[in-house]
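What follows is calculated from the coordinates using simple rules that are stated; it is not laboratory data. This structure is a prediction, so every number in the text was calculated from the model and none was measured. Here the Cβ positions follow ideal geometry from the backbone for every residue, glycine too, while neighbour counts run over all protein chains shown.
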Amino acid sequence: MSSVELRAFQWASVKAVCEGLNSGSGVFGLADEVGLGKTLICAETAYQIIAKNPRKAVNIVYYIAPSIELLDQNLRSIASYLEKRCGNSYNIRSSVTRVSRIPLELAKINEKQDSKKLHKKTIFIIGLSPGTSFNVSGSGHKSERAYLAALFGFDKKNETKNRIAR
C-alpha cells in the first residue's frame, strides 16, 4: 500500500477528514465503495494529523474494519505506510483487541519497547471489528458497544455520557 501514490479524489478525502476532525467534533467517519482506498486514506490522514503535532509523544489511531481478517491485513498496511512516512522518529505498534482491553494492550505494548527506542515517539494503531467488540446483533458486550458509541460521538447528550460513565 505504501508504494501507491494517492489519487486526487483520495487526497480530497484526506483533506475532508482532516478538516472534519479539526472542526471541533473530534470524530469523523469515512465510508466508500470497496476498492477506493479507504485504508490508504486512513493511513495518510493519520500521518497528516500526527505531522501537525510533532511534539505529541503518543498518538492513538482507532481503525475499524468489517472482519478480523481484513482488520489484520489493513493494520499491517497502515503500520507499513506510517513507518515509511514517519521514518525512524516513531515506534509504530498495532493491536487487534476488545474495547475493554485497550488500556491493557497499550500497557503491554509499552512494556515491550526496546530500551533503545524509548526516546522515540509512539503511534499505537488499535484495530476493532464486529468480531472484537461491537457486533450489535450478537457477540460483543453491550457496555463495549455503548463505550464505542460514546467514543465516536454517537450521542453527546449529558444523560448518555453519565449513563455510560456509570
How would you order 91-99, 67-75 from highest to lowest mean count of nearby Cβ atoms within 10 Å?
91-99, 67-75
Would you compute the Debye intensity of the stretch 33-74 from its alpha-carbon atoms alone, equal scatterers and no solvent, and pass along log10 I(q)/I(0) at q = 0.17, 0.28, 0.31, 0.32 Å⁻¹ to two decimals?
-0.56, -1.03, -1.14, -1.17
I need the calculated FRET efficiency for the pair Phe9 and Ser80, taking r as the beta carbon distance and R₀ as 30 Å, to the nearest 0.05.
0.85
Please compute one quarter of the surface area of the Cα convex hull for the stretch 1-101 and express it in square nanometres.
7.0 nm²
Gained length - Gln73 relative to Val58, 0.36 nm times residue gap less alpha-carbon distance:
3.1 nm
What are the residues whose amide H is under 5 Å from the amide H of Thr122, where those residues sit 5 or more places off or on another chain and H is modelled from the backbone?
Val58, Asn59, Asn91
In sequence order, calculated HN-Hα J values of the stretch 87-92 (Karplus, 6.51, -1.76, 1.60; Hz; x Gly/Pro):
x, 8, 7, 10, 8, 10
Considering amide H positions built from the backbone, and no H for Pro or chain starts, which residues 5 or more places from Ser94, or on another chain, come under 5 Å of its amide H?
Ile125
